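The values are calculated or read from the model by the stated rules, or taken from the named source; none is laboratory data. Just so it is clear, the model here is predicted, and its values are computed rather than measured. Here the Cβ positions follow ideal geometry from the backbone for every residue, glycine too, while neighbour counts run over all protein chains shown.
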Amino acid sequence: MGIRHHVARSSLLLVAVAVAPSQATAPNAADHSIQRFLAQNDTQHPYRAVRRLEAENGSRAGWLEATTDYAPETGFRYQVTAEGGSEYIRTNVLRAVLEGEQEAVTRGEIGRSSLGQDNYTFQAAGVDDEGLANVLSSPRRKERILVPGKMFLQPEDGSLVPLQGVLAKSPSFWIKYVEIVRSYAPIEGAVVPVSLESNAQCVSSGPPRSA
């Protein structure tokens with residue numbers, strides 16, 4: 001069962017050995033990028049976005065679109081504006097993703113989700129062919145809002161480009177795991193998430209195939 005989750009552009013309210021030179025400097029470059037990244041302000045900025053979620057499991061498929069808002073004063077809110085297909089997929093998979101995020105914010109977990117040393121340990125993994133510093137991120141806790149995986153940073157300033165991995169904890173009983181790729185970009189002087197793609201694996205049990 002695959003689920004694709006798209007977010008529209010957010011608007012801010014928000015022993016020495018001989019090695020080749022590139023091999024010797026890549027780890028240092030990645031370490032430097034980590035330090036630059038951690039030195040940045042990790043404030044959670046307000047945003048407004050439109051999301052489209054799609055999922056299918058065998059003969060069942062569903063989709064929905066929703067407007068989402070986040071602000072420290074009001075928390076995370078969403079409103080479904082259009083939907084179609086399997087009610088089981090929409091209720092137990094798609095809405096579960098949004099409700100899991102809303103619940104996490106309501107419980108005060110938004111700060112516990114930030115990409116900082118309070119929530120993660122980081123390990124440099126060299127520089128890739130595109131010149132991005134690769135960094136392995138390991139959550140200190142198993143929470144559904146944290147993502148064990150890999151970050152890709154701009155080496156010159158440590159700006160986060162994409163983050164990919166699997167949610168540390170499933171947002172719903174009906175979902176085995178959720179893989180994500182979250183992309184970031186600078187907007188009005190702050191690096192914020194601008195898109196999110198997700199793939200989820202459902203549990204094998206469920207209602208009749210007609211649902």
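Residues in the stretch 128-142 that are within 25 Å of residue 170 (Cβ to Cβ) and out of contact with any helix residue (DSSP H, G or I) (no Cβ under 7 Å at 6 or more places or on another chain): 136, 137, 138, 139, 140, 141, 142. With respect to being on the phi < 0 side of the Ramachandran plot, within 16 Å of the chain's Cα centre (by Cα) and not polar (S, T, N, Q), residue 50 fits the description. Screening 207, 148, 155 for residues that are at pLDDT below 90, farther than 22 Å from residue 46 by Cα and touching a Gly at 6+ places or on another chain (Cβ under 7 Å) leaves exactly one candidate, 155. Out of everything in the stretch 170-180 that is buried (at least 16 other Cβ atoms within 10 Å of the Cβ) and of a type in the set (Ser, Thr, Tyr), what residue ends up being nearest to residue 197 (Cα to Cα)? Selected residue: 170. Condition check: crowded, with 16+ Cβ neighbours inside 10 Å, hydroxyl-bearing (Ser, Thr, Tyr) and closer than 26 Å to residue 203 by Cβ. Does residue 183 satisfy that? For residue 183, the condition - crowded, with 16+ Cβ neighbours inside 10 Å, hydroxyl-bearing (Ser, Thr, Tyr) and closer than 26 Å to residue 203 by Cβ - is not met.
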